[in-house]
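Scroll down for the structure; my scribbles are underneath it.
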Amino acid sequence: MSSDGAWWTSSVIYEVYPRSFADSSGNGVGDLRGIVERMPYIASLGVDGIWLTPFQVSPQVDQGYDIADYCDVDPMFGTLADFDELLAAAHASGVKVLIDLVPNHTSIEHPLFRKAVAEGPGSDAWDLFHFAEGGADGGPPNNWISVFGGPAWSRVPGSRELWYLHLFSPAQPDWNWRNPAVGDYFEGVLRFWFERGADGVRIDVAHGLYKAEGLPDSPVVPTVIDGLRSNPLVMDQEPVHDVYRRWRRIAEEYDPPRLLVGEVNLEPERAGRYTRPDEMHQTFAFAFVRLGWQPEEWVRVGRELESVRRTYGSSPTWALENHDLVRSASRFGGGERGVARARAGLVALLGFPGGAYVFQGQELALPEVDVPVSERLDPMWFRGGVSRDGVRVPLPWTSRAEGAHGFSPAEVAAPPWLPQPEGWGEHAVEAQDSASDSTLALFRRATRIRRALLAAGAFVADEAATWDLREDGLLLCERDGGAVVAVAMGERPVPLPDGKVVLASAPLDGRMLPPDAAAWLVGGDVHARLVTSGLLPE
Ligand code: GLC
């Protein structure tokens, strides 16, 4: 079954971080039933699907990205039956569900890692991981640095000479993908979730599975989360592409075909190679995801992604936020300007051709939280001094404070696993729900109009686009079908190009787009159709 023209080519997917979405049990940690209860909210956003970050069995050292059982739900989040219910509730609302697959590494508590350590060198399990003797100086086997800081190696428990490789925390040993048994194992995991009804998978550190043969010393020593991009020995090895060719064939055995979206944190040209016609369907456009409010960079990256689209035939997959990055409202300058730019960013993102991913709370323009040092839990903070806790603070649902602003049930609520800051209720869903000028209202309007434009043929999923930067920081992305996304990234109001405005992130002054705002423009005929269908006022 071919997946050409499939639903995801122009989908909007909402990333749900279960720990911080909604807590139904009252223990201060979000769970699957919390998501089920909030499914009407998710449906009200007008998104096509959700991506759930890991809820599988895990000691939670990296908040679930250290998985000890890939085919079961951690009791903290619920049960497989809860997952089935979540899936049914989502599907009944027309929402697809992607799960997170973490094939680069596992948990030190995974039975196979324990077995390897117990049985030692020469055993079958030993070869499933990267174990090695220390260097001549008694230190680690090579000079690789973990993404979270510190050496990428730790000593095997109980041994002085033997080490194991972990590109992330010591609780996350890397699988040895050169052993075919690892590939077989993950094909089983993939089928398990596809057969259960998951509509696709987001693949964690998808470019990392294979390391350079022999694990040689690196000439570059990376230290930050995306620093491994610059290390040609650790990531992006050729054999990894065969993994995705196999997975693509598996994804297409199902009806409808399942979606593969990869976390491939590489420059556009290298990342593009992962979306060749027989590999993954999408990879996040990381070159864009990482940007601040930098007009020249937006245009440069936009053009680069466009040229990659021409080469590999797959449209960019846009995002500005996820559970690892500083919230856009803060990254774009903070305060009121930061919020205005985050709103413009949302409108821009949903207007560019291709799929888009939005992180929970982005629809509320939540700011980054400065979580007190004593409350931080991110392993990256402890090893590398960078904390991702500030983007992971539990969502505010209600304005009033009870039950962590409605995150937990009021009666039995333990404090949320990360503290919410003063004033969190101002951003609450409840506060934004009824305000027509809220970011939540803007987001809902954007997804509604996007759907209408797609249906009207004014937004075409895979269409080409031309990127330009005009005077006074006016960024224009002109879609081949005629629709234009305009973003005012300078200091002054800018005149809009021709066309009828169908969406704007801020009130316009006549034909002038104020600074820190974005708008969509279309031809008069399309505009008239949106008016007739009741989506736009006369
Ligand atoms: C990915 C995840 C991040 C996690 C890391 C290790 O980058 O998005 O949260 O810490 O992989 O699994």
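Quick one: which strands (runs of 3 or more DSSP E) lie wholly within the range 1-106 and hold at least 1 residues that are without any contact (Cβ under 8 Å) to a residue 12 or more places away in the chain and on the phi > 0 side of the Ramachandran plot? Spell out how you get there, then give the answer.
Details: elements: 12-16, 49-52, 69-73, 96-101.
Result: empty, no element qualifies.
Which one of these is at pLDDT below 95, crowded, with 24+ Cβ neighbours inside 10 Å and away from the ligand (no atom under 16 Å from the Cβ): Pro316, Pro353? Please lay out each step first, then the result.
Values: Pro353 fails: at pLDDT below 95.
Result: Pro316 is the single residue among Pro316, Pro353 that is at pLDDT below 95, crowded, with 24+ Cβ neighbours inside 10 Å and away from the ligand (no atom under 16 Å from the Cβ).
Going by the structure shown, is Arg327 more than 21 Å from Leu442 (Cβ to Cβ) and basic (Lys, Arg)? I'd like the intermediate steps shown before the answer.
Details: more than 21 Å from Leu442 (Cβ to Cβ): no; basic (Lys, Arg): yes.
Taking the combined requirement at face value, the residue does not satisfy it.
Quick one: is Ser123 farther than 29 Å from Gly262 by Cβ, surrounded by fewer than 18 Cβ atoms within 10 Å (Cβ to Cβ) and of a type outside the set (D, E, K, R)? Can you show your working first?
Numbers: farther than 29 Å from Gly262 by Cβ: yes; surrounded by fewer than 18 Cβ atoms within 10 Å (Cβ to Cβ): yes; of a type outside the set (D, E, K, R): yes.
The answer is yes for Ser123.
Only one residue in Asp255, Asp242 is at pLDDT 90 or above, assigned to a helix (DSSP H, G or I), farther than 13 Å from Leu190 by Cα and more than 16 Å from the ligand (Cβ to nearest atom), so which one is that? Give the steps one after another, and end with the answer.
On the way: Asp255 fails: assigned to a helix (DSSP H, G or I).
Sole residue among the options that is at pLDDT 90 or above, assigned to a helix (DSSP H, G or I), farther than 13 Å from Leu190 by Cα and more than 16 Å from the ligand (Cβ to nearest atom): Asp242.
Any residue that is farther than 25 Å from Leu508 by Cβ, without any contact (Cβ under 8 Å) to a residue 60 or more places away in the chain and open to solvent by 10 Å² or more (accessible area, probe 1.4 Å) - is there at least one of those in the range 250-261?
As a first pass, look at the range 250-261 and keep what is farther than 25 Å from Leu508 by Cβ: 250-261.
Now narrow it down to the ones that are without any contact (Cβ under 8 Å) to a residue 60 or more places away in the chain: none.
Within the range 250-261, none of the residues are farther than 25 Å from Leu508 by Cβ, without any contact (Cβ under 8 Å) to a residue 60 or more places away in the chain and open to solvent by 10 Å² or more (accessible area, probe 1.4 Å).
Condition first: away from the ligand (no atom under 14 Å from the Cβ), open to solvent by less than 10 Å² (accessible area, probe 1.4 Å) and out of contact with any Phe, Trp or Tyr (no Cβ under 7 Å at 6 or more places or on another chain). Now tell me which residues in the range 54-86 satisfy that. Reasoning before the result, please.
Looking only at the range 54-86, we keep the residues that are away from the ligand (no atom under 14 Å from the Cβ), and these are 57, 69, 71-86.
With the extra rule that they be open to solvent by less than 10 Å² (accessible area, probe 1.4 Å), the set shrinks to 73, 77, 83, 86.
Phe83, Leu86 - these are the residues of the range 54-86 that are away from the ligand (no atom under 14 Å from the Cβ), open to solvent by less than 10 Å² (accessible area, probe 1.4 Å) and out of contact with any Phe, Trp or Tyr (no Cβ under 7 Å at 6 or more places or on another chain).
Of the residues in the range 286-307, how many are under 29 Å from Val189 (Cα atoms) and free of Cβ contacts under 8 Å to residues at least 60 places away in the same chain? Even if it seems obvious, please write down each step before you answer.
Of the residues in the range 286-307, the ones under 29 Å from Val189 (Cα atoms) are 286, 289.
The next check asks that each one be free of Cβ contacts under 8 Å to residues at least 60 places away in the same chain; those that pass are 289.
The qualifying residues number 1.
Look at Val494 and say whether it is farther than 22 Å from Arg444 by Cα and among the β-branched types (Val, Ile, Thr). Full working, then the answer.
Working: farther than 22 Å from Arg444 by Cα: yes; among the β-branched types (Val, Ile, Thr): yes.
Yes, satisfied.
Evaluate the range 16-35: report whether one residue or more is more than 30 Å from Asp433 (Cα to Cα), touching a Lys or Arg at 6+ places or on another chain (Cβ under 8 Å) and either within 16 Å of the ligand (Cβ to nearest atom) or at pLDDT 95 or above (or both).
Initial filter on the range 16-35 (more than 30 Å from Asp433 (Cα to Cα)): none.
Within the range 16-35 (the criterion being more than 30 Å from Asp433 (Cα to Cα), touching a Lys or Arg at 6+ places or on another chain (Cβ under 8 Å) and either within 16 Å of the ligand (Cβ to nearest atom) or at pLDDT 95 or above (or both)), the answer is no, since none of the residues qualifies.
Among the residues of the range 391-408, is any outside any loop (DSSP other than H, G, I, E, B), within 16 Å of the ligand (Cβ to nearest atom) and closer than 30 Å to Ser25 by Cα? Lay out the reasoning, then the answer.
Taking the range 391-408 and keeping what is outside any loop (DSSP other than H, G, I, E, B), we get 391, 402-406.
Next cut, within 16 Å of the ligand (Cβ to nearest atom) only: 391.
When the remaining residues are screened for being closer than 30 Å to Ser25 by Cα, the result is 391.
Yes, that holds for at least one residue.
Residue by residue through the range 381-396, note down the ones that are open to solvent by less than 10 Å² (accessible area, probe 1.4 Å) and in contact (Cβ under 8 Å) with a residue 40 or more places away in the chain. Working first, answer last.
As a first pass, look at the range 381-396 and keep what is open to solvent by less than 10 Å² (accessible area, probe 1.4 Å): 389-396.
Selection gives Gly390, Val391, Arg392, Val393, Pro394, Leu395.
List pairs: first in the range 406-433 and without any contact (Cβ under 8 Å) to a residue 24 or more places away in the chain and assigned by TED's automatic domain parsing to the domain that holds Pro40, second open to solvent by 40 Å² or more (accessible area, probe 1.4 Å) and not in a loop (DSSP other than H, G, I, E, B), Cβ under 6 Å, 6+ apart or cross-chain?
From residues that are without any contact (Cβ under 8 Å) to a residue 24 or more places away in the chain and assigned by TED's automatic domain parsing to the domain that holds Pro40, the pairs are Ala410/Glu402.
Given the conditions (1) aliphatic (A, V, I, L, M); (2) under 25 Å from the mean Cα position of the chain (by Cα); (3) surrounded by fewer than 19 Cβ atoms within 10 Å (Cβ to Cβ), which single one is not true for Ala465?
Among (1) aliphatic (A, V, I, L, M); (2) under 25 Å from the mean Cα position of the chain (by Cα); (3) surrounded by fewer than 19 Cβ atoms within 10 Å (Cβ to Cβ), the lone unmet condition for Ala465 is (3).
Would you pick out the residues in the range 131-154 that are more than 16 Å from the ligand (Cβ to nearest atom), open to solvent by 20 Å² or more (accessible area, probe 1.4 Å) and under 32 Å from the mean Cα position of the chain (by Cα)?
Looking only at the range 131-154, we keep the residues that are more than 16 Å from the ligand (Cβ to nearest atom), and these are 131-143, 151, 153.
After this cut, where a residue has to be open to solvent by 20 Å² or more (accessible area, probe 1.4 Å) as well, the list is 131-138, 140-141, 143, 151.
The answer is Phe131, Asn143, Pro151.
Does Val264 fit the bill of being open to solvent by less than 20 Å² (accessible area, probe 1.4 Å), within 16 Å of the ligand (Cβ to nearest atom) and out of contact with any helix residue (DSSP H, G or I) (no Cβ under 8 Å at 6 or more places or on another chain)? Can you show your working first?
Numbers: open to solvent by less than 20 Å² (accessible area, probe 1.4 Å): yes; within 16 Å of the ligand (Cβ to nearest atom): yes; out of contact with any helix residue (DSSP H, G or I) (no Cβ under 8 Å at 6 or more places or on another chain): no.
Judged against the criteria, Val264 is not a match.
Quick one: count up the residues across the range 164-178 that are away from the ligand (no atom under 13 Å from the Cβ) and open to solvent by 20 Å² or more (accessible area, probe 1.4 Å). So that I can check it myself, show each step before the final result.
Of all residues in the range 164-178, those away from the ligand (no atom under 13 Å from the Cβ) come to 164-165, 176-178.
With open to solvent by 20 Å² or more (accessible area, probe 1.4 Å) added as a condition, the list becomes 178.
Number satisfying all stated conditions: 1.
Does Pro277 satisfy the condition of being more than 19 Å from Ala488 (Cα to Cα) and assigned by TED's automatic domain parsing to the domain that holds Gln362?
Numbers: more than 19 Å from Ala488 (Cα to Cα): yes; assigned by TED's automatic domain parsing to the domain that holds Gln362: yes.
So Pro277 passes the test.
Filter the range 319-342 down to the residues that are part of a loop (DSSP other than H, G, I, E, B), open to solvent by 30 Å² or more (accessible area, probe 1.4 Å) and free of Cβ contacts under 8 Å to residues at least 40 places away in the same chain and list them by number.
The answer is none; no residue qualifies.
Give the residue that is nearest to Lys211 (Cα to Cα), with candidates limited to residues of the range 96-116 that are away from the ligand (no atom under 16 Å from the Cβ) and crowded, with 21+ Cβ neighbours inside 10 Å.
Narrowing the range 96-116 to residues away from the ligand (no atom under 16 Å from the Cβ): 96-97, 111-112, 114-116.
Now drop any that are not crowded, with 21+ Cβ neighbours inside 10 Å, which leaves 96-97, 116.
Numbers: Lys96: 33, Val97: 31, Ala116: 20 Å.
This residue is Ala116.
Which count do you get for residues in the range 400-429 that are under 28 Å from Ala519 (Cβ atoms) and under 25 Å from the mean Cα position of the chain (by Cα)?
Going through the range 400-429 one residue at a time, the tally reaches 3.
Exactly one condition in (1) within 22 Å of Gly406 (Cα to Cα); (2) of a type outside the set (Ser, Thr, Tyr); (3) open to solvent by 10 Å² or more (accessible area, probe 1.4 Å) is false for Ile35; which is it?
Only one criterion in (1) within 22 Å of Gly406 (Cα to Cα); (2) of a type outside the set (Ser, Thr, Tyr); (3) open to solvent by 10 Å² or more (accessible area, probe 1.4 Å) is unmet by Ile35, namely (3).
The values are calculated or read from the model by the stated rules, or taken from the named source; none is laboratory data. Just so you know, these numbers come straight off a predicted model, no measurement behind them. With ideal geometry, Cβ positions are generated from the backbone for all residues, glycine too; neighbour counts draw on all protein chains shown. Please note that ligands, DNA and RNA were not included when accessible areas were found on the heavy atoms of the full protein model with its side chains. Shrake-Rupley method; radii C 1.70, N 1.55, O 1.52, S 1.80 Å.
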